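Asker: Structure incoming, see below.
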């Protein structure tokens, strides 16, 4: 039986999960794919903490990267330490050493994916990364293989479990953002410093990967317009719910001629849209292709075993491909028709806008007048009744309007003395 | 550049769709996978009907199967004629001739899959069949690759677009089964003779394939308990909707120790379940694995281009794998822990039951008495008010009850002289 040797970099939660799966499923995988997958080295800075898997520590565990990177026996290096430094150097060196790479490192792939894939192509090795987007959901495979002959038109992703949990919790329990976040932290769904998740940065990383895969368009994540969920109020979820919409943090990629829209922001989608039903920490990626039409992939977006499931699938996939010489990464070398990123000011969308206005006659006329002058037409208005309040929320849905017009109109409206506090606007999709 | 030659059997709707995709995407695929895919022969009985693709008819189109099967040039045979005869013989002969096979033939794979895969293994060739279940949805790939290290616990599939369209239409427009079916026919979503679709047979075929893939358990589709949607009344959809459930035709596979439940029947699922939102002709497959947890795959379940998308993905996948010698089918050779099919009488489920009873005192006591004697406990009862009607519907939800008990109780109740017409029962899942 053919044998493939794996070296693991990072013996943390996911890393030890991978070890567990490889141990427990070794014979199943031997039967299914006819390949014996052996874990020969594990690198971690910390070799003393007890993990819940049994390994031959003396033989396998090491604090020296070289024991993995320069080990002639090792065919596949699995990188699970995350972050840019030192993961980037480790992966590049592994590739130069002729080793295939499996990683779940979305930050690194978003930042340096194209360079990594290009080096892999030159060195004739594979880089697989199913765990980087959507945890256990086989979305990378779907885009690379199942949908290979499609022209992808649109991707909507709920790709950050923390944000989705917070928004779902706010909606279900009618609680504030802060309360929902506290609950997420208590349950282990949010990190101590959740800025990357709730600020949309993590979603932007994943969107950069999806953009490369789906559209052949590579861009640094910091070029992607990114807005988090920090400013969302419970009332916005409630009001938009009354209008038939659900509020989600969406990562959006949309082809438009030779341009692509890439953006991450809180988004209203019709309650009938399948994405609206994706609650809690779950992730889902909605993909529209010219041949398949609409499709959706749903599952746990993170976690030890979902991610380990994807990592092991990648190991198996490389084990199956490597002897064919087709491992050299090509998938991203295709000449995309997409040439550039559309500026956020150039997009147009329907909007939900909430103004906080003083409750007196003529207010609506003033707001509507400014909107009109900025070519924004109003689809519906509701003034929310609040007993004896001096300041009342006015909720508007607009027809499609240019982003730059909306920004200019809101700036002008927020300067009116009848307006208290910054107006809230949320884009609508679907 | 490496080249792979394809012979196509069947130049109908999907077949000509595949030709179109291969032509239009040839250069994209060359870039993405570095392989030149050439269509060298197309077999069809009918070589005169005009199709909407341009081919060199004289050189490529043939009425002789031998021109494909015994053509030394051809590496992959794509079978798209459907049905058992002559598709089975064609595929088996192609395999014996050392050709890889791509097919979307669910009826054949359900009937003879294991035999086909075993012969393929012996002959060292691949058989791919992404188009056989869920049209363009890459569910086969997900189960074979993405979820390879998972123990699959449960699959729920909405895998028949016609039935799902009819049920969705009945629910949305509050119309009868017959009216909804008529509308499906008019829109081309139902065949003239829709028995295979609405009777659940097509779903049972797909379930047999999912069972083999997900659980390594092979069984003939006629051993699968199958109940169609023909007897569903609009009122059942309405009443169950009031109770918070959606009605779907589900294909269910559930592991239980060394047994497996395989069944196709109308099923109530909670409205909060993602499957409840799958409307119209769409398909979705919900898979629970021990590592990934819950996952769902959604898309168009049939149609020319969704299916062609899957067929071309299979061709590409074989083109990538064949030089590695790992094409020999193994995926189904794993020793499953599942040993036998659970008899339908042995399952247990919650039930929705609708009785049509004469509206007089004591009726409910009689029904409840019989249910009690059969160990069926009632979760809720509603007597639907109908003005001046002598016969009224009584709707009950039961707690979990054994299938055989429910059958016996209903038989006894339906014999009561206070009952008019056969009682309706629908199983509940999720």
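Any read-out appearing in this document is the output of simple, stated calculations on the displayed coordinates, not a laboratory observation. What you are looking at is a predicted structure, and each value in this text was computed from that prediction instead of being measured. All Cβ positions, even for glycine, are placed from backbone atoms using ideal geometry, and neighbour counts span all protein chains on display.
Asker: Would you mind giving the mean number of other chain beta-carbons within 10 Å of the Cβ of each residue in A:20-27, as a whole number?
Answerer: The per-residue average across the peptide is 2.
Asker: In the P(r) worked out for the protein assembly as shown, what percent of Cα pairs fall beyond 46 Å?
Answerer: The answer is 30 percent, as a whole percent.
Asker: Something else about it: Considering the alpha-carbon set of segment A:345-428 alone, what are its Rg and its Dmax in angstrom?
Answerer: Taking only Cα atoms of segment A:345-428, I get Rg and Dmax of 12.1, 41 Å.
Asker: Another one. Using a 7 Å offset from the Cα along the Cα-to-Cβ direction at both residue B:47 and residue A:350, what is the distance between the two label points in nm, to one decimal?
Answerer: 5.4
Asker: Compute the separation of the alpha-carbon centres of segment A:37-80 and segment A:226-269 and state it in Å as a whole number.
Answerer: 42
Asker: In degrees, nearest 10, range 0 to 90: what is the angle between the Cα axis of helix B:13-24 and the longest Cα principal axis of chain B?
Answerer: 50
Asker: What whole number of Å gives the distance from the Cα centroid of segment B:201-223 to the Cα centroid of segment A:352-372?
Answerer: Value for the Cα centre distance between the two parts: 61 Å.
Asker: Next up: Computed from the mean reciprocal separation of all distinct C-alpha pairs, what Kirkwood hydrodynamic radius does segment A:280-430 have, in Å?
Answerer: Working: mean 1/r = 0.0497 Å⁻¹.
Radius from the Kirkwood sum: 20.1 Å.
Asker: Could you list log10 I(q)/I(0) for segment A:27-97 at q = 0.17, 0.19, 0.23, 0.28 Å⁻¹, which the Debye formula gives when each Cα is one point scatterer?
Answerer: Ignoring solvent entirely, the Cα scatterers give -0.76, -0.91, -1.14, -1.31.
Asker: Taking 0.36 nm per intervening residue step and subtracting the Cα-Cα distance, what contour gain separates residue B:379 from residue B:422 on full extension? Walk me through the numbers on the way to the answer.
Answerer: Details: separation 43, 0.36 × 43 = 15.48 nm, distance 2.13 nm.
Here the answer is 13.3 nm.
Asker: Next up: So if we plug the beta-carbon distance of residue A:2 and residue B:59 into 1/(1 + (r/R0)^6) with R0 = 45 Å, what FRET efficiency do we get, rounded to 0.05?
Answerer: 0.65
Asker: What percent antiparallel are the DSSP beta bridges of the protein assembly as shown, to the nearest 5? If you can, show how the numbers build up before the last one.
Answerer: On the way: 105 of 157 bridges.
Once the DSSP bridges in the protein assembly as shown are tallied, antiparallel ones form about 65 percent.
Asker: Taking the highest mean first, how do the peptides A:388-400, B:49-61, A:76-88 order by number of other beta carbon atoms within 10 angstrom per residue? Mind showing how you got there, number by number?
Answerer: On the way: A:388-400: 15.5, B:49-61: 11.7, A:76-88: 19.3.
The most tightly packed comes first, giving A:76-88, A:388-400, B:49-61.
Asker: Which order do the peptides A:296-305, A:19-28, B:356-365, A:249-258 come out in when sorted by mean C-beta neighbours inside 10 angstrom, highest first?
Answerer: Numbers: A:296-305: 24.3, A:19-28: 17.7, B:356-365: 13.5, A:249-258: 20.7.
Output ranking for A:296-305, A:19-28, B:356-365, A:249-258: A:296-305, A:249-258, A:19-28, B:356-365.
Asker: Helix-only mean residue ellipticity at 222 nm, chain B, DSSP H runs n ≥ 4 weighted -39,500 (n - 2.57), per residue, nearest 500. What is it? Let's see the in-between values first.
Answerer: Working: 14 runs with 148 residues, N = 430.
Calculated mean residue ellipticity at 222 nm is -10500 deg cm²/dmol.
Asker: Here is a follow-up. With a 10 Å Cβ neighbour count serving as the proxy for reagent exposure, in which order, fewest first, do B:418, A:376 appear? Walk me through the intermediate numbers first.
Answerer: On the way: B:418 17, A:376 22.
Ordered from fewest to most neighbouring Cβ atoms within 10 Å, B:418, A:376 come out as B:418, A:376.
Asker: Taking every DSSP beta bridge that has both residues in chain B, what percent is antiparallel when rounded to the nearest 5?
Answerer: Given both bridge residues lie in chain B, the antiparallel proportion sits at roughly 65 percent.
Asker: Remind me, what semi-axes does segment A:193-349 give for its equivalent ellipsoid, largest first in whole Å, using sqrt of 5 times each Cα gyration tensor eigenvalue?
Answerer: Each semi-axis is √(5λ); the values are 29, 21, 16 Å.
Asker: Rounded to the nearest 0.05, what FRET efficiency do residue A:122 and residue A:412 give with R0 = 45 Å and r taken as the Cβ-Cβ distance? Could you check? Provide the component values of the computation, followed by the final result.
Answerer: Working: r = 54 Å, r/R0 = 1.19.
After rounding, the FRET efficiency stands at 0.25.
Asker: Let me ask something else. From other protein chains only, count the Cβ atoms within 10 Å of every residue's Cβ in B:359-370, then give the mean.
Answerer: Neighbouring Cβ atoms belonging to other protein chains average 0 per residue here.
Asker: Still on this model: In degrees between 0 and 90, to the nearest 10, how far off the longest principal axis of chain A does helix A:106-123 point, with axes built from Cα atoms?
Answerer: 40
Asker: Please identify, among A:149, A:348, A:48, the residue showing maximal mean-square fluctuation in a Gaussian network model of chain A using a 10 angstrom Cα cutoff.
Answerer: A:48
Asker: While we're looking at this one, here's another question. Angle, helix A:403-414 long axis vs. longest principal axis of chain A, Cα atoms, 0 to 90°, nearest 10?
Answerer: Long axis of A:403-414 versus the principal axis of chain A: about 50 degrees.
Asker: For B:273-284, what's the mean count of beta carbons from other chains sitting within 10 Å of each residue's beta carbon? It would help to have the intermediate numbers written out before the result.
Answerer: Values: counts 1, 8, 1, 1, 8, 3, 2, 0, 0, 5, 1, 4.
Mean partner shielding for this stretch: 3.
Asker: Where does each of B:38-44, A:367-373 land if you order them by average Cβ count within 10 Å, highest first?
Answerer: Top to bottom by mean Cβ count within 10 Å: B:38-44, A:367-373.
Asker: Taking the C-alpha atoms of chain B, how large are the radius of gyration and the largest Cα-Cα span, Dmax, in Å?
Answerer: 24.2, 83
Asker: Quick check on the exposure proxy: order A:272, A:335 from fewest to most C-beta atoms within 10 angstrom. It would help to have the intermediate numbers written out before the result.
Answerer: On the way: A:272 13, A:335 9.
Fewest to most other Cβ atoms nearby, the residues stand as A:335, A:272.
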